[in-house]
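The block underneath contains the structure these notes are about, expressed in structure tokens.
The values are calculated or read from the model by the stated rules, or taken from the named source; none is laboratory data. Small disclaimer: the values here were computed from a predicted structure and weren't measured. Here the Cβ is made from the backbone with ideal geometry for all residues, glycine too, and neighbour counts use every protein chain on show.
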Amino acid sequence: MKKLFLYIMTATLLLSGCNSNQDKQTQNDMNNEVIETIMARRSIRAYKPQAVEREIMNQIVKCGINAPNGMNAQPWEVRIVDNPEFIDGCTKIFVERMKQDPRGAKMVEDPSFKNMFRNAPTVVFIAIGDSRFAQIDCGLMAQNMMLAAKSLGIGSIALGSPVDFFKSEEAAEYYNKLEFPENYTLALVLGFGYPDESPDAKPRDESKIRWIE
């Protein structure tokens with residue numbers, strides 16, 4: 001009986017040790033660099049003036065095109081712009097258009113306003129084809145880019161208003177410079193640069209997450 005008791009106690013201690021090690025391993029897995037990058041990433045609206053080095057941007061965009069996409073259709077076309085003449089030129093037209101809208105006027109008259117891409121010095125334009133899941137694929141691609149950028153110390157922001165602007169007649173000259181195929185349409189614009197702010201995270205509503213038994 002004594003030997004049986006000792007055996008049970010030994011087994012219990014071994015199992016306890018295994019569970020403890022598993023708990024520690026799980027904790028370590030939850031504190032990895034990928035998770036930290038995801039949780040730390042913020043939308044940046046204030047950037048230092050220098051453009052992101054092209055070698056770094058090439059790596060960021062390569063991470064983007066390695067995103068999952070339906071049937072590996074890769075229904076995207078990507079254009080990268082860091083030319084100040086392009087950015088300042090389309091911004092000038094954008095400013096004149098925004099002055100006609102009270103909300104837009106407030107934005108462009110802000111003393112911190114430098115360009116229409118939330119002051120980002122490097123801009124990525126993503127156009128998509130007519131693939132069934134093209135919009136979803138575009139979102140996955142963009143998130144890959146923004147997370148890769150964060151891991152490299154680069155700030156980013158996803159922008160919707162430039163999409164409508166670049167589809168307008170006023171911006172036709174600059175849209176044509178992007179040289180997208182005729183059957184592609186601009187879907188998303190991303191701004192990148194070295195951040196000049198460190199905004200706090202906005203609250204997330206975890207009540208929207210539910211387990212279904």
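Quick one: which of Leu159, Leu188 is in contact with a helix residue (DSSP H, G or I) (Cβ under 6 Å, 6 or more places away or on another chain) and either under 18 Å from Ile44 (Cα atoms) or small (Gly, Ala, Ser) (or both)? It would help to see each step written out before you state the result.
Details: Leu159 fails: in contact with a helix residue (DSSP H, G or I) (Cβ under 6 Å, 6 or more places away or on another chain).
The match here is Leu188.
Under 9 Å by Cβ, and 6 or more places apart or on different chains, what pairs join a residue from the stretch 170-189 that is assigned by TED's automatic domain parsing to the domain that holds Val123 with one that is crowded, with 18+ Cβ neighbours inside 10 Å and in a loop (DSSP other than H, G, I, E, B)?
Tyr184/Pro75; Leu186/Phe180; Val189/Phe117
Taking the residues in the stretch 45-89 that are of a type in the set (A, V, I, L, M) and assigned to a helix (DSSP H, G or I) as candidates, determine which candidate is surrounded by the fewest Cβ atoms within 10 Å (Cβ to Cβ). Can you show your working first?
Here is the first cut: in the stretch 45-89, the ones of a type in the set (A, V, I, L, M) are 46, 51-52, 56-57, 60-61, 65, 67, 71, 73, 78, 80-81, 87.
Imposing the further condition that a residue be assigned to a helix (DSSP H, G or I) reduces the set to 56-57, 60-61, 65, 71, 87.
Values: Ile56: 17, Met57: 20, Ile60: 26, Val61: 22, Ile65: 13, Met71: 10, Ile87: 23.
This residue is Met71.
Can you name the residue in the stretch 116-162 that is over 16 Å from the mean Cα position of the chain (by Cα) and aliphatic (A, V, I, L, M) and, of all such residues, is surrounded by the fewest Cβ atoms within 10 Å (Cβ to Cβ)?
Here the answer is Ala134.
Could you please tell me which pairs satisfy a Cβ distance under 6 Å, a separation of 6+ or placement on different chains, a first residue in the stretch 78-99 that is free of Cβ contacts under 8 Å to residues at least 24 places away in the same chain, and a second residue that is of a type in the set (A, V, I, L, M, F, W, C) and surrounded by 16 or more Cβ atoms within 10 Å (Cβ to Cβ)?
Val95/Val108; Met98/Val108
What are the residues in the stretch 110-164 that are at pLDDT below 95, more than 21 Å from Glu85 (Cα to Cα) and either of a type in the set (Ser, Thr, Tyr) or part of a helix (DSSP H, G or I) (or both), if any?
Of everything in the stretch 110-164, just one residue is at pLDDT below 95, more than 21 Å from Glu85 (Cα to Cα) and either of a type in the set (Ser, Thr, Tyr) or part of a helix (DSSP H, G or I) (or both), namely Ser131.
When both residues are 6+ apart or on different chains and their Cβ atoms are under 7 Å apart, which pairs have a first residue that lies in the stretch 116-127 and is assigned by TED's automatic domain parsing to the domain that holds Pro162, and a second that is among the acidic types (Asp, Glu)?
Pro121/Asp82; Thr122/Asp82; Ala127/Glu77
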